[in-house]
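J.: Sharing a structure, written as structure tokens. Questions coming.
The values are calculated or read from the model by the stated rules, or taken from the named source; none is laboratory data. Every value quoted in this text rests on a predicted model; they were computed, and no experiment measured them. Virtual Cβ from ideal backbone geometry, glycine too; neighbours counted across all protein chains shown.
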Amino acid sequence: MASDNRPLSPHLQIYRPQLTSMLSIAHRGAGIALGAGAAFFAWWLLAAASGPDAYSYAEAFFGSVVGIIVLAGFCFALFYHLCNGIRHLFWDAGMGLELDQAYRSGWAVIAAAVLLTAGSLVWALAG
């Protein structure tokens, strides 16, 4: 039987989230979003192969406000997952493991993902 004198691990009501843990959770979430985005991409490809009626329906969805939000979310997930993956490659090489470096690189990943997303959306919607 378990002893009542054992210390309990901190739980979410006590534990203060840190940037590194939130970025780790976001990395997993971005991977899930990329999987969902791949399903939307497959739908678009199937619609293109199915004929003009199916393709026009898919294009109408992706041109709508909801579709643009979905594409923007997919784009952010893609760039975040890419930039954070590069950050992890540096960690695997033993670089940037100090706490202050991890925080700086974490904020750099967020900034790069936002800038790359904004730039790609401006480029895509302008053309």
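J.: Among 79, 90, which is out of contact with any Lys or Arg (no Cβ under 6 Å at 6 or more places or on another chain), assigned to a helix (DSSP H, G or I), of a type in the set (A, V, I, L, M, F, W, C) and within 23 Å of residue 41 (Cβ to Cβ)?
T.: Criteria check complete, one pass: 79.
A quick yes/no check of all residues on (1) modelled with pLDDT under 95; (2) outside any helix (DSSP H, G or I):
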position	(1), (2)
7	yes, yes
17	yes, yes
21	yes, no
27	no, no
45	no, no
48	no, no
56	no, no
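J.: Using beta carbons and a limit of 6 Å, which pairs, at least six apart or on different chains, have the first residue in region 96-109 and without any contact (Cβ under 8 Å) to a residue 24 or more places away in the chain and the second one in a loop (DSSP other than H, G, I, E, B) and not aromatic (Phe, Trp, Tyr)?
T.: From residues that are without any contact (Cβ under 8 Å) to a residue 24 or more places away in the chain, the pairs are 105/96.
J.: Then there is this: Any chance region 75-83 includes a residue that's surrounded by 13 or more Cβ atoms within 10 Å (Cβ to Cβ) and without any contact (Cβ under 8 Å) to a residue 40 or more places away in the chain?
T.: Taking region 75-83 as the starting set, the residues that turn out to be surrounded by 13 or more Cβ atoms within 10 Å (Cβ to Cβ) are 75-83.
Applying the additional criterion that residues be without any contact (Cβ under 8 Å) to a residue 40 or more places away in the chain yields 82-83.
Yes, there is a match, as at least one residue in region 75-83 is surrounded by 13 or more Cβ atoms within 10 Å (Cβ to Cβ) and without any contact (Cβ under 8 Å) to a residue 40 or more places away in the chain.
J.: Picking from 106, 119, which residue would you name as being within 20 Å of the chain's Cα centre (by Cα), within 23 Å of residue 20 (Cβ to Cβ), part of a helix (DSSP H, G or I) and at pLDDT 95 or above? Step through it out loud before you land on a result.
T.: Values: 119 fails: within 23 Å of residue 20 (Cβ to Cβ).
The match here is 106.
J.: Within the set of pairs 6+ apart or on separate chains, which have a first residue in region 1-20 that is under 26 Å from residue 105 (Cβ atoms) and surrounded by fewer than 10 Cβ atoms within 10 Å (Cβ to Cβ), a second that is modelled with pLDDT of 70 or more and of a type in the set (Val, Ile, Thr), and C-beta atoms under 6 Å apart?
T.: Taking only residues 6 or more apart or on different chains, not a single pair turns up.
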